[in-house]
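**Student:** There's a structure below that I have some questions on.
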Amino acid sequence: MFEKDSLRAISHKMNTQPHQNMSSSPQIISSRRYIDEASSLNPAQRQAVEITEGPLLVLAGAGTGKTRVLTTRLASLLLSHKAWPSQVLSVTFTNKAAFEMKERVAKLIEGSAEGLWLGTFHSICVRILRKHAELVGLQSSFTILDTDDQLRLIKQLVKAESLDEKKFAPRIVASVISRWKDRGLTPSKITPTSDFEKIILRLYEFYQDRLRILNAADFGDLILLCLKLFMDHSDVLAQYTTQFRYILVDEYQDTNVAQYLWLRLLAQGTGNICCVGDDDQSIYGWRGAEVGNILRFEKDFPGAVIVRLEQNYRSNAHILGAASSLISQNAGRFGKTLWTEKTGGEKVHIQGVWDGEEEARLVGEKVEDLHRQSQSLNQMAILVRAGFQTREFEERFLTLGIPYRVIGGFRFYERLEVRDALAYMRIVVQPQDSLAFERIMNTPKRGIGTSTLQILHQYARCEQVSLPEAALRLIETDEIRGKAKTALHTLLHDIGRWRSQLTTTPHGELARIILDESGYTAMWQVDKSPEAPGRLENLKEFVNALEEFESLPTFLDHVSLVMENITNTSAEMVSIMTLHSAKGLEFNTVFLTGWEEGLFPHQRSLGESGEAGLEEERRLAYVGLTRARERAIITFAANRRVHNQWQSGIPSRFIDELSSQHVERFTVGKRHSFSPPPRRQLPDIHTPQPSSISKTFHVKQRVFHMKFGYGYIVTIEGSKLEIDFDHSGLKMVMGSFVESAE
DNA sequence: CGATAGTTGCTTTTT
DNA sequence: GCAACTATCG
């Protein structure tokens, strides 16, 4: 290791002279694997790997080997000694992608990729901010607030300002503030355009004040503060612009304004920035992502070279054709024509089902079928639009005994007991962490109730101090009496004692001590509820996970930034996930479920941002389809339970937008008859008419409440309910039912 | 202060 | 169909 590094250092020295003409200078590329990889690239890919100087934009369609280009390029930089690991800044979209990229690079260079600055914008910014925290008014031990903490804090502020908690719902306030932060706007740079914004701006200011007191930063701050650091301290910026000789950015279409400005500052040194992205896969507009960034690249970085990757290696011709016809409906895109050498293959299946339950049953059957044909479960994915849809599949798979994993979904670190345990760790590491303190103050029950908490809050606000600090001062006075006083005293004393052990005790052991001595473990041991044993199990798991890290603060950073579940990738499992978390992945078989108007495209996205919202949904559909290599199966349900209410839906407009030569329609079940589309004049589905029929009735002992909107034809004859989905040519007949008295 | 029962509103998507 | 909040009482 040492020897290799010093060799690298020497060759680096030899290479510090500017490389005028890299392509003709001899390159020292010694890795067999790298040579193999590079020689298998197509001309466009090779070009993207070899242009290492100056700004480069790789416009890469779905399945065109974008990741391969990026990793090969990185490996090339290292092997040719143009840069050593610490001089490469590589920004990816998820921590998982960063991890995989690191592994691939290590393989290509047949050595270690340690020392690379490889990670998400957030993790890189944390790394930088920890070093210069004082310059932006934080201590280097600052806490990273997660969404939950953020909402709690905002809620407190809204309450303190006695504002209408409905109009200024924490969620809404948080999202407005976050959007401002995404655009790189600190409070002073904002000119509110309405009274509503004026108030939120005030809340934004208060919120930032509170964060400062708490020595905390939220997700948006990580980028914003780092940006501020670079803008206010040119010496710090210079340090990094000289260090990073090469900058690589994955998924450039998902960057927001703040991230873009951040990148521009860093890239101004060498100008060696390579961005990879696909405007058709921009699906994070709602999070502040600016497609404009990618569309403007040439203007932003003069002399930029643009390389297009258009040969798709992933999907079969039908899937690619269907996806292309879909995305071509969008205006305002770069426009790429993906093509493939593959021919034949299965057409895209489209299947209508009666309800969500049947959808799950159908998918379950298909999975079993394919599995019987010795298709790996790892090669199958079920993609949903919204998180709640996973449940029906989980239930079905549990009864069928099909192993599955939910990606994204409910995370380990979001569980009640894990969050409590985390709060204990946080308050020990970070004395100012009011939110953690509030959380554990009376968990387990110590007799410190709401009235005590109120006194603390009031004092903390008046004196501009953190909650634990307020507690510390108030137990010296007579403000708090009796049981609460002694309990608080003991707690604060305990926290102090644990903190003093931070340097002397191994952190795994310390965690156990904290959980035991605080009485937290005992609380669950005494608990007789059925969840209690599981929670204790999770606490053990928590300590195990914690021991994997070098220290408690490192672990806490990991938890805030890496929200992914620790999943066992080796086991055979079907993946269930949202379309958003499917980005960047690929599978042989992909089930695209819930393609119904209102769910996909989602009602909210249509309502809020109109045409732009619809286009983003369409891109989402495109992303989903292009995940599939061999088989894509689209399903839609005629009925779905939303908020415990049955609602009938009509097939997604996206289904009609798929070129008919690439799709095949099916229907399932004995009770459904399929008739070809009669194609008669239909009411405009985009302007739904008021619900004309709304009835509650029983079907097989179950109560249904259905609203039939959209002017669709529903016939009720005798004990039969018939719904005619003219739009798709699908007619469904439901078995006997009894109309209720309602 | 804390336990309990009843009530409401909620679900897009995530670093 | 659930979590999170509210009202009431011991």
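**Student:** What distance in nm lies between label points placed 7 Å from Cα along the C-beta direction at residue A:242 and residue A:501?
**Tutor:** Roughly 4.6 nm, to one decimal.
**Student:** First measure r as the distance between the Cβ atoms of residue A:198 and residue A:86, then evaluate 1/(1 + (r/R0)^6) with R0 = 51 Å and state the FRET efficiency to the nearest 0.05.
**Tutor:** In this case the efficiency is close to 0.65.
**Student:** By its C-alpha gyration tensor, with a ≥ b ≥ c as the square roots of the eigenvalues, how is the range A:385-497 shaped: rounded for a/c under 1.5, else prolate for a/b larger than b/c, else oblate?
**Tutor:** prolate
**Student:** Order these by the 10 Å Cβ neighbour count, fewest first: A:596, A:100. Let's see the in-between values first.
**Tutor:** Values: A:596 23, A:100 15.
If I rank by nearby Cβ atoms, fewest first, I get A:100, A:596.
**Student:** Here's another thing I want to ask about it. At a Förster distance of 25 Å, what's the computed FRET efficiency of residue A:296 paired with residue A:190, Cβ-Cβ distance as r, to 0.05? Working shown, then result.
**Tutor:** Working: r = 23 Å, r/R0 = 0.92.
Calculated value: 0.60.
**Student:** Working out 0.36 nm times the residue gap between residue A:516 and residue A:372, then minus their Cα-Cα distance, what length gain in nm do you get to one decimal?
**Tutor:** Between residue A:516 and residue A:372, full extension yields an extra 46.9 nm.
**Student:** Would you work out the relative contact order for the range A:169-285, in percent, from Cα pairs under 8 angstrom that are 6 or more residues apart?
**Tutor:** About 26 percent, as a whole number.
**Student:** At 0.36 nm per residue, and after removing the present C-alpha to C-alpha distance, how many nm does the segment from residue A:473 to residue A:400 gain when stretched out fully?
**Tutor:** 20.4 nm
**Student:** Between residue A:310 and residue A:162, what is the label-point separation in nm under the 7 Å Cα-to-beta-carbon projection?
**Tutor:** Placing both labels 7 Å beyond Cα along the Cβ direction yields 6.6 nm.
**Student:** Structure shown: which of A:155/A:528; A:159/A:485; A:159/A:540 lie over 31 Å apart, alpha-carbon to alpha-carbon? Please list the in-between numbers first.
**Tutor:** Working: A:155/A:528 33 Å; A:159/A:485 26 Å; A:159/A:540 37 Å.
From A:155/A:528; A:159/A:485; A:159/A:540, over 31 Å: A:155/A:528; A:159/A:540.
**Student:** May I ask you to derive the relative contact order of the range A:607-657, considering only C-alpha pairs under 8 Å and at least 6 residues apart, and to give it as an integer percent?
**Tutor:** 24
**Student:** Given an 8 Å cut-off on Cα distances and at least 6 residues of separation, report the relative contact order of the range A:291-422 as a percent. Intermediate values should be presented prior to the final figure.
**Tutor:** Details: 61 pairs, mean separation 23.3, N = 132.
Relative contact order comes out at 18 percent.
**Student:** Can I ask one more? Give me the distance in nm between label points sitting 7 Å out from Cα along the Cα-to-Cβ direction at residue A:540 and residue A:39, one decimal.
**Tutor:** For residue A:540 paired with residue A:39, the spin-label model returns 5.3 nm.
**Student:** Multiply the residue gap between residue A:458 and residue A:30 by 0.36 nm, knock off their C-alpha separation, and tell me the result in nm, one decimal place.
**Tutor:** 147.4 nm
**Student:** Let me ask you something else. Amide H to amide H under 5 Å from residue A:382: which residues, 5+ apart in sequence or cross-chain, H placed 1.01 Å off N in plane?
**Tutor:** Close amide H contacts, sequence-distant or interchain: A:575, A:576, A:577, A:591.
**Student:** Sticking with this one: Starting from the amide H of residue A:274, placed 1.01 Å from N in the peptide plane, find each other amide H under 5 Å away whose residue is 5 or more places distant or on another chain.
**Tutor:** Close amide H contacts, sequence-distant or interchain: A:56, A:247, A:248, A:249.
**Student:** Decide, for the range A:260-406, between rounded, prolate and oblate: order the square roots of the alpha carbon gyration tensor eigenvalues as a ≥ b ≥ c, take rounded if a/c falls under 1.5, and otherwise choose prolate if a/b is larger than b/c, else oblate.
**Tutor:** Details: a/c = 2.54, a/b = 1.94, b/c = 1.31.
Cα axes put the range A:260-406 in the prolate bin.
Since every read-out is calculated from the coordinates, none of them should be taken as a lab result. Model, not experiment: these values are computed from the prediction. We place every Cβ from the backbone using ideal geometry, glycine too, and count neighbours over all the protein chains shown.
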